[in-house]
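FYI, it's all coordinate maths here, none of it is from the lab. The model shown is predicted, which means the values in this text are computed figures rather than measured ones. Every residue, glycine among them, receives a Cβ derived from its backbone with ideal geometry; neighbour counts consider all protein chains shown.
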Amino acid sequence: MYRVGVKAGFSAAHKIENHPGRCSKLHGHSWEVEVVFRAKEVGEEGMIVDFDLALKALGEVISPFDHAYLNEISPFDEMPPTAENIARYVYENIKRKLDGGGISVDIDSARVWESSDSWASFEGEV
């Protein structure tokens, strides 16, 4: 199995309503987001997915979050803007964006870091 990944970041604020600790207060992070693609075989050009296309898609998915208050941005105006929920959002929207652009590739996972030592990931089914 081949795996390749791309990584990008954004800075944003959020708060987790009803959290018993300090995360219930408004605070911010320099978020890092990684998307990992997988395939049993490479294509004719020797790649799973072109890095430039994958980075462009990731940038388009996360750009609305940069320098924003996540609690006010869909879908996080209706669900907690946790790293777990952001990871799922990124996974589903990268898949939708690439599929919609005619690029067929399996996504292994999306991982979101709130800090250098704390992350959450989402892995969908193939």
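Computed values, structure above
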read-out: The chain: Lys pairs at Cα distance under 18 angstrom, eight or more positions apart or on different chains; value: 7
read-out: Net charge of neighbours whose Cβ lies under 14 Å from the Cβ of SER11, counting Lys and Arg as +1 and Asp and Glu as -1; value: -3
read-out: Sequence ranges 107-116, 34-43, ranked by mean other-Cβ count within 10 angstrom, highest first; value: 107-116, 34-43
read-out: Amide N of the range 64-95 lying under 16 Å from the label point, which is placed 7 angstrom from the Cα of LYS56 along Cα→Cβ; value: 94-95
read-out: Angle between the chain longest axis and helix 51-62 axis [Cα atoms, degrees, rounded to 10]; value: 30 degrees
read-out: Angle between the chain longest axis and helix 83-100 axis [Cα atoms, degrees, rounded to 10]; value: 40 degrees
read-out: Rounded to the nearest 20 debye, dipole of the range 2-122 from Cβ charges on Lys, Arg, Asp, Glu; value: 280 debye
read-out: Charged-residue dipole, Cβ positions (Lys, Arg, Asp, Glu), the range 1-58 about Cα centre, Debye nearest 20; value: 480 debye
read-out: Neighbour-count order for HIS67, HIS14, HIS29, fewest beta carbons within 10 angstrom listed first; value: HIS67, HIS29, HIS14
read-out: Per-q log10 I(q)/I(0), the range 2-122, q = 0.12, 0.19 Å⁻¹ (Debye; single scatterer per alpha-carbon; no solvent); value: -0.44, -0.97
